[in-house]
Amino acid sequence: MVLADYVERFYLAERPGLSAGYRALLRATVRKLCAWAGEAVPLDRIDRPLLASWASACLETGIRPTTANAQLRRIRGLLLAAYDDGLLDRPPRRNRRIGEHHLPPEAWTVGDVARLLGYLWRLPGKVGPVPAAHWWTGLTLTVYWSGCRIGALMRVPAADYRPGCGLLVARQKNGRGQWYPLPATCCTAIERILPETGPLFAWPFHRRTLWLRFRRYVEAAGLPAPRGHCQLFHRLRRTTASYCAAEDPAIAQRQLGHADLRTTVRAYIDPRIAHQRSAADILPDPTPATDKPRLRIIG
């Protein structure tokens, strides 16, 4: 059996609870592997050397090591499932991980977010039946105050917002629901656009245009947003995590719904905002008094 057939006939068919986004991601990964191989790859032909060659080819096209590692993990997960289903004689070997180079996470400051909200509040036009200024302001404030993933937030039905107590529930990647208490300013923004039924933040256009328009607004507001998948809503989520971590990293971990604090610290907390103590705050200064810069007192 070829990999693409296994994914459709067995893996996805037997897992109705998988999100539409993850289903699309799996299918896209399988298509990329088959396109590189030039054929519908049989399950029993996918081994570690083949995947290593594919990963090398991906890196040569400019794909980041993080993305290549994620693709390899998805393929190995499918092979493990095929082994459990009795379609492979032995489990797949673990892939050799490609070295990744991580820079410290970067978030927007609260001043950046205020500038963005000031721009969004002046937007003309509409999103569906509601003013665009109200819709985008409500969405941005909800991401800021909750730290919720944008994909999860866009799936929240209007019924899962509780106007009386200012609570919002959203389902995370693992399927678990998480409650988010929201302040009055955010609740007011939500209730300006709150529909009676359907999604809380109904987007009547193609899904991809959500990111395209938000980037246009972010750049117009003068906020830093280099090209990359973590530079828009994800950067706003990092803002939430970083300010929470300034009080207590455990609050940031809980707000983002992470099982492991290391994930929160490594990928979300901007040390410039969280004020993490370093050697410069702790070590005594060994510089001789004569070498230290002297302050000139004026007045």
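The values are calculated or read from the model by the stated rules, or taken from the named source; none is laboratory data. All values derive from a computational prediction rather than experimental measurement. Every residue, glycine among them, receives a Cβ derived from its backbone with ideal geometry; neighbour counts consider all protein chains shown.
Worth pointing out:
- Subset of the stretch 219-256 [among the polar types (S, T, N, Q), farther than 15 Å from Pro104 by Cα and out of contact with any Cys (no Cβ under 8 Å at 6 or more places or on another chain)]: Thr240, Gln253
- Residue check for Leu139: under 17 Å from the mean Cα position of the chain (by Cα), modelled with pLDDT of 95 or more and closer than 22 Å to Ala20 by Cα: yes
- From Ala70, Ala133, Ala107, Ala57, residue being free of Cβ contacts under 8 Å to residues at least 24 places away in the same chain and within 30 Å of Tyr161 (Cβ to Cβ): Ala133
- Failed item, numbered, when Gln231 is tested on (1) of a type in the set (S, T, N, Q); (2) over 21 Å from Thr67 (Cα atoms); (3) free of Cβ contacts under 8 Å to residues at least 40 places away in the same chain: (2)
- Filtered residues of the stretch 157-211 (kept if out of contact with any Cys (no Cβ under 8 Å at 6 or more places or on another chain), under 17 Å from Val143 (Cβ atoms) and assigned to a loop (DSSP other than H, G, I, E, B)): Gln172, Lys173, Leu182, Pro183, Arg192, Ile193, Leu194, Leu200, Phe201, Ala202, Trp203
- Of the helices (runs of 4 or more DSSP H) contained entirely in the stretch 212-289, those carrying at least 2 residues that are over 25 Å from Gly177 (Cβ atoms), among the small types (Gly, Ala, Ser) and not assigned by TED's automatic domain parsing to the domain that holds Arg171 fall at 279-282.
- Of all residue pairs spaced 6 or more apart or on separate chains, those with beta-carbon atoms under 8 Å, a first member in the stretch 175-188 that is assigned by TED's automatic domain parsing to the domain that holds Gln255 and a second member that is of a type in the set (Lys, Arg) are Gly177/Arg171; Gln178/Arg171.
- When the stretch 26-74 is filtered for residues that are among the aliphatic types (A, V, I, L, M), assigned to a helix (DSSP H, G or I) and under 19 Å from Pro92 (Cβ atoms), the ones remaining, listed by number, are Leu26, Val30, Leu33, Ala37, Leu43, Leu50, Leu51, Ala52, Ala55, Ala68, Ala70, Leu72.
- Selected residue (criterion: surrounded by the most Cβ atoms within 10 Å (Cβ to Cβ)) from residues of the stretch 31-61 that are over 25 Å from Asp84 (Cβ atoms) and hydrophobic (A, V, I, L, M, F, W, C): Cys58
- Per-region count, the stretch 143-156, residues buried (at least 19 other Cβ atoms within 10 Å of the Cβ) and in a loop (DSSP other than H, G, I, E, B): 4
- Selection count, the stretch 20-54, where residues are among the basic types (Lys, Arg) and in contact (Cβ under 8 Å) with a residue 40 or more places away in the chain: 1
- Residue within the stretch 131-142 that is surrounded by 16 or more Cβ atoms within 10 Å (Cβ to Cβ) and in contact with a Cys (Cβ under 7 Å, 6 or more places away or on another chain) present: yes
- When Arg94 is tested against (1) in contact with a Lys or Arg (Cβ under 9 Å, 6 or more places away or on another chain); (2) in contact (Cβ under 8 Å) with a residue 60 or more places away in the chain, only condition (2) is not met.
- Within the stretch 110-127, if we keep just the residues that are touching a residue at least 12 places away in the same chain (Cβ under 8 Å) and not in a helix (DSSP H, G or I), the residue that is surrounded by the fewest Cβ atoms within 10 Å (Cβ to Cβ) turns out to be Trp121.
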